[in-house]
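A quick write-up on the structure given underneath.
No value in this document is a laboratory result; all are computed from the given coordinates. Nothing here was measured: the structure is a model prediction, and the numbers come from that model. Note: ideal-geometry Cβ built from the backbone for every residue, glycine included; neighbour counts use all protein chains shown.
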Amino acid sequence: MTDQSPYRHETSNEAMSRPSSPSTWKYVLTALISATFTFVITAAILIAVFFSIGPGVGSTDSFSIDLQSNDEQTRRAADKLKTVYHYISNEYYRELTEAEMLEAMSAGLAYSMESPYTMYLTAEQNALIEESMSGEYSGIGAIVAMGNDGLIEITELVENGPAIEAGLQIGDVFVSVDGEDVTSLPDVSTLAAMVRGPEDSEVELEIYRPSERSNLTFSPVRRTIENASVRYRMLDDQIGYISISEFSHGVSQNFISAVDSLKQQGADSIVFDLRNNGGGLADEVVDMLDYLLPELTLATLEGRSSGQIFERSWESDAKVGVPEDMEFAVLINQFSASASELFSGCLQDHDRAVLVGKQSFGKGSGTITFPLSDGSALTVTNFLYYLPDGESIEGTGLTPDIDIELPDEARVKSVAQLTLEEDTQLSAAIEQLQKD
């Protein structure tokens, strides 16, 4: 199961009813929910509050805080923090070490930010994300997401992976892993750590399948998952197809090779499939768009770095790797997020592609991750990006030019498993390109 950075209850009986699907999702694992900067981030970060550990003067508490500001509002907030620290330290049902208290404060500060993409990652969570970005890990080959209801469901399956072979489907909701309830986990990385394990070992999964309104048990055997981020083929004599599952390291080179191969095979138009692609590295997307577009603005960024507000833009250069009259269609759905939306929205705004499918996720922001000394990391929402027409898609997403849903029976399958007859979205894209 899968952001990069320096920037994806109770056990229920068979009658369990599935809460309605949320309109937004807090995390998407294996689909990077962040973008990364393509310029150097300085190590010196200005912050408003500095912490120091040591005996406080005239106090029995061993925690003190030094502030840059001394206004009344700041003093009141500092007094309240000290009071909260005191009560948790002395009244919580079990005794906490000071290290545990400070760890909780680190996490709490990050998670209290308005942006849901600012978060504290434990060392284990950070390691899982870095492993996923490498494109290889030992697991079952399932991509998952957590909804606002706190339940974790499968959003995509790796082609020919253990999950598909065991019979798992898109939309399946995790209930337990090896007998341990997982319906109230704090995040998807905790589930990922439970599901991953040594190669050739078995993991028992209890899932709830909404289409059957019942709980089912599966026992996939873990193995090394090599997630091919780019797959391509010719759909007919003139239309090529490229599926991009995530924008991980090196995907732009694989993408360019795929485009070149399709051109050599006679393609004069291409369908880009970004369904269930949660995003990835911004520099990879920029390199891909640079190959498709002439010298144009790809996006404008507004954010903060080292305490200073900045505005900059991503630009393509004059070198183009495809004919000017080559036509494109992009397939998107509710799990197409972040870097996927940058790619799709840029082509749409420059009138180079028609978007087909359903409204996308709506993540128009980028994050930067700062590794910490113990292996943990802090991911901070660092900028908003605006598409060429000046639009921000944060919280809204992209509206497809051709709005079309998959049939019910097709939604439980991996995109790679769909036949052309089942895949109404791909069929609509082909029809549109044939018209043009």
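Candidate cross-link partners of LYS363 among the lysines, defined by an alpha-carbon separation under 28 Å and a same-chain spacing of 8 or more, comprise LYS26, LYS413. By the beta-carbon count within 10 Å of each Cβ, the least crowded to most crowded order of SER176, SER69, fewest first, is SER69, SER176. From the alpha carbon centroid of region 373-436 to that of region 150-192 is 21 Å. With K and R counted +1 and D and E -1, the other residues having a Cβ less than 13 Å from that of ALA318 yield a net charge of -4. A Förster radius of 35 Å combined with the Cβ-Cβ distance from TYR87 to ARG304 puts the calculated FRET efficiency at roughly 0.60. Between ASN148 and SER313, the modelled label-to-label distance comes to 3.5 nm, taking each label 7 Å out from Cα in the direction of the beta carbon. Listed values for region 163-169 are Karplus-derived 3J(HN,Hα) couplings in whole Hz (6.51 cos²θ - 1.76 cosθ + 1.60, θ = phi - 60°), namely 5, 5, 4, 7, x, 5, 10, and x replaces Gly and Pro.
Neighbour counting of Cβ atoms within 10 Å sorts the residues LYS82, LYS363, fewest neighbours leading, into LYS82, LYS363.
Scalar couplings 3J(HN,Hα) for region 76-85, obtained by applying the Karplus form with A = 6.51, B = -1.76, C = 1.60 to θ = phi - 60°, are 5, 5, 5, 4, 5, 4, 4, 5, 4, 4 Hz; x denotes Gly and Pro. Computed 3J(HN,Hα) for region 239-244, one whole-Hz value per residue from the Karplus formula 6.51 cos²θ - 1.76 cosθ + 1.60 where θ = phi - 60°, is 10, x, 9, 10, 9, 10, glycine and proline marked x.
Summarising the label geometry, the points placed 7 Å from Cα in the beta-carbon direction at ARG213 and ASP79 lie 5.8 nm from one another.
Between GLY362 and SER338, GLY397, LEU398, the built amide H atoms are under 5 Å apart, and every one of these is 5 or more places off in sequence or on another chain. Here the residues ARG94, ARG196, ranked from fewest to most Cβ neighbours within 10 Å of their Cβ, fall in the order ARG94, ARG196. Of the residues THR381, THR399, LEU426, the one whose Cα sits farthest towards the positive end of the charge dipole of region 228-435 is THR381 (charges of +1 on Lys and Arg Cβ, -1 on Asp and Glu Cβ, taken about the Cα centre). The calculated FRET efficiency for GLU204 paired with SER184, based on their beta-carbon distance and R0 = 22 Å, is about 0.70.
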